[in-house]
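Engineer: There's a structure below that I have some questions on.
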Amino acid sequence: MTSARLAPLLAGILLATACVATSGDARVAVQPPDRGSFPAVADLLDRRCGTLDCHGVTYRNLRIYGREGLRLASTDRPSSRPGTTTDAEYDATFESLVALEPETMSAVVSQAGAQPERLTFVRKARGAEDHKGLAIWAEGSPEDLCVTSWLAGKTDVATCQRALTTR
């Protein structure tokens with residue numbers, strides 16, 4: 001092969017490898033929503049989505065732990081008694097939810113909850129994307145306002161509590 005034909009080939013290979021090479025130390029800095037007010041949201045998710053035939057199972061990408069479904073400790077059983085979700089279960093649900101789409105979650109949170117529909121879990125809950133459980137709530141409903149207020153950094157705990165009593 002002549003050098004005139006070899007030069008473009010080598011340049012193409014170098015360009016292609018330069019475009020795909022990333023540092024092994026690259027990390028995504030996640031800006032999650034507020035963890036402190038998350039129990040109000042998690043209780044809603046547990047009630048609406050955390051049943052043992054839905055997201056209250058370990059093989060789902062989104063795992064919801066709580067009093068009404070999947071428990072973190074093997075000795076705990078589902079219960080309808082208020083206040084039985086542990087801090088560790090709230091943490092596990094928070095981590096599961098934030099880890100679904102960390103970069104998108106960060107973008108929504110950094111813009112104070114702008115365009116929450118960018119998140120798959122919001123689209124699925126609203127029925128805007130295929131979801132085995134169909135639409136869980138409508139846009140603008142108390143359930144939706146609970147989640148979107150949390151994403152905006154202004155969790156409306158009263159609305160979250162009201163959403164727990166609607167069905």
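Computed from the coordinates by the stated procedures, all read-outs in this text should not be read as laboratory data. A quick note: this is a predicted structure, and the numbers were derived from the prediction, not measured. Ideal geometry is used to build each Cβ from the backbone, glycine not excepted, and the neighbour counts take in all protein chains shown.
Engineer: What is the Å³ per residue value for the convex hull set by the Cα atoms of the stretch 31-165?
Structural biologist: Residue-normalised Cα hull volume stands at 98 Å³.
Engineer: Please tell me the relative contact order of the stretch 31-165 in percent, rounded to the nearest whole number, where contacts are Cα pairs under 8 Å and at least six residues apart.
Structural biologist: 25 percent
Engineer: Note down the net charge around P102, summing +1 for each Lys or Arg and -1 for each Asp or Glu among other residues with Cβ under 12 Å from its Cβ.
Structural biologist: Result for the neighbourhood of P102: -2.
Engineer: Determine, for H55, H131, the number of other Cβ atoms within 10 Å of each Cβ, and report the residues in order from fewest to most.
Structural biologist: Ordered from fewest to most neighbouring Cβ atoms within 10 Å, H55, H131 come out as H131, H55.
Engineer: Rounding to the nearest 20 debye, state how big the charge dipole of the stretch 31-165 is about its Cα centre with +1 on each Lys and Arg Cβ and -1 on each Asp and Glu Cβ.
Structural biologist: With only Lys, Arg, Asp and Glu charged at Cβ, the dipole is about 260 debye.
Engineer: Using +1 at the Cβ of each Lys and Arg and -1 at the Cβ of each Asp and Glu in the stretch 31-165, identify which of L62, F38, S79 lies farthest towards the dipole's positive end.
Structural biologist: Comparing the listed Cα positions along the dipole, S79 ranks first.
Engineer: Please arrange Y65, Y59 by how many other C-beta atoms lie within 10 Å of their C-beta, fewest to most. Don't jump to the answer; show the numbers that get you there.
Structural biologist: On the way: Y65 28, Y59 5.
Ordered by Cβ neighbours within 10 Å, fewest first: Y59, Y65.
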